[in-house]
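*Asks:* Supplied in structure tokens, the structure appears directly below.
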Amino acid sequence: MADLTAILKYQETDKKLFALERELASCDERKKYVQAKKFLEGAAEKLDSLETKAGVLKGKAAEIIERCAAVEKDLADLLGIDELIEGGADVSYYKKAAQKQMDALRKTKSELAALTESINATDKEFKDLKKKVIATQKIYAEAGEKYKAVKASREGEKKALEKELAAIAADIPESAMNKYLTKRKEKVFPVVFPLNGGRCPCCGMEVPLAAMSELKNSGVIECESCRRILYQP
């Protein structure tokens, strides 16, 4: 980093901008806005999932209803059992057949009842979620407007700091400025620190001897642990 003095001056002003960004990022208006946005993004997928589930359940219900109808038809065919018996038919056979159909009908109707309960529960979950989505959409819109207003109220301050930073950056070599800004985007801040007793003051890592030698030659080194730029005060 060719011009350490200019970089340190840039960082001092940048601290004000960083603090402003942190303040905006943590304000209640933004928290409500982000929370509502996150919910709505997840809710859209959940609603689609519930619609798909409801469609599958209704398809299964239709299949069970068809089976019920088939069993009921078979039972209806056994209504003429008296005539068959009078004609010499095997009573035990028809009794077993009728019992088998009755058991099948009870089982099928039990399946249908359980499935209907699941359909109703899914329908309720969908409707409840839909209501919450509508309510959250209102919160999202309101919070968004309030957050815009908060940002707008600090826009003058933000632009003044950015202008001041741009003026300082004019005296900093492009490569050094780019390195600083890259770390800034990576949430490494402050970026530049003075070495303290042979250790990084941020993470406490002891600087290796080879790095200390490099520090004497180049004036700055990068901490191997937290990636901050260190210099000898």
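The values are calculated or read from the model by the stated rules, or taken from the named source; none is laboratory data. Worth saying up front: this structure is predicted, and the values here are computed from it rather than measured. Neighbour counts run over all protein chains shown; Cβ positions are idealised from the backbone, glycine included. These area figures cover heavy atoms from the full protein model, side chains too; ligands, DNA and RNA do not enter into them. Shrake-Rupley method; radii C 1.70, N 1.55, O 1.52, S 1.80 Å.
*Asks:* Which is the longest run of the chain containing none of the trypsin sites (Lys or Arg not before Pro) found in DSSP loop states (not H, G, I, E, B) with at most 16 other C-beta atoms within 10 Å?
*Replies:* Looking at the chain, 1-186 is the longest stretch - no exposed trypsin sites (Lys or Arg not before Pro) with at most 16 other Cβ atoms within 10 Å.
*Asks:* Between residue 37 and residue 138, with labels modelled 7 Å along Cα→Cβ, what's the label distance in nm to one decimal, could you check?
*Replies:* 2.2
*Asks:* Continuing with the same structure: Longer than 23 Å from Cα to Cα, which of 38/138; 107/127; 58/127; 32/159; 46/148; 15/146 are they? Say none if no pair is.
*Replies:* Beyond 23 Å between Cα atoms: 107/127; 32/159; 46/148; 15/146.
*Asks:* Next up: Output the relative contact order of the chain, whole-number percent, from Cα pairs under 8 angstrom with separation of 6+ residues.
*Replies:* Contact order relative to length: 31 percent.
*Asks:* Starting from the eigenvalues of the Cα gyration tensor, five times each then square-rooted, give me the equivalent ellipsoid semi-axes of the range 83-233, largest first, whole Å.
*Replies:* 80, 29, 11
*Asks:* Another question, then. Could you tell me what percent of the accessible area of the chain is made up of carbon and sulfur, with a 1.4 Å probe and every protein chain present?
*Replies:* For the chain, the apolar C and S fraction of the accessible surface comes to 54 percent.
*Asks:* Given DSSP loops and a limit of at most 13 other Cβ atoms within 10 Å, what is the longest stretch of the chain that contains no such GluC sites (Glu not before Pro)?
*Replies:* The longest uninterrupted stretch comes out as 1-185.
*Asks:* Hey, rough spin-label estimate for residue 52 and residue 16, points 7 angstrom out along Cα→Cβ, what's it come to in nanometres?
*Replies:* 5.3
*Asks:* Sticking with this structure for a sec: Calculate how many DSSP beta bridges within the range 169-233 are antiparallel, expressed in % of all such bridges and rounded to the nearest 5.
*Replies:* Antiparallel: roughly 60 percent of the beta bridges in the range 169-233.
*Asks:* Roughly what angle does helix 209-218 make with the longest principal axis of the chain, taking Cα atoms, 0 to 90 degrees, to the nearest 10?
*Replies:* Helix 209-218 sits at roughly 60 degrees to that axis.
*Asks:* Continuing with this model, one more query. Angle check, please: helix 91-169 long axis (alpha carbons) against the longest principal axis of the chain (alpha carbons), in degrees 0 to 90, nearest 10.
*Replies:* Approximately 20 degrees, to the nearest 10.
*Asks:* Sticking with this one: For helix 174-185, report the angle its Cα long axis makes with the longest principal axis of the Cα atoms of the chain; keep it between 0 and 90° and round to the nearest 10°.
*Replies:* For 174-185 against the chain, the angle is about 40 degrees.
*Asks:* Could you compute how much accessible surface residue 128 exposes when probed at 1.4 Å, giving the result in Å² to the nearest 10?
*Replies:* Rounded to the nearest 10, that gives 70 Å².
*Asks:* What number comes out for the charge environment of residue 230, summing +1 per Lys or Arg and -1 per Asp or Glu over other residues with Cβ under 14 Å away?
*Replies:* Net charge around residue 230: +2.
*Asks:* Still on this structure, I have one more. If you roll a 1.4 Å probe over the heavy atoms of the protein chains, what accessible area per residue do you get for the chain, in Å²?
*Replies:* 66
*Asks:* To continue, here is another question. Nearest 5 percent is fine: what portion of the DSSP beta bridges confined to the chain is antiparallel?
*Replies:* About 60 percent, rounded to the nearest 5.
*Asks:* Using C-alpha positions alone, give me the convex hull volume of the range 1-65 per residue in cubic angstrom.
*Replies:* It comes to 104 Å³ per residue, whole-number rounded.
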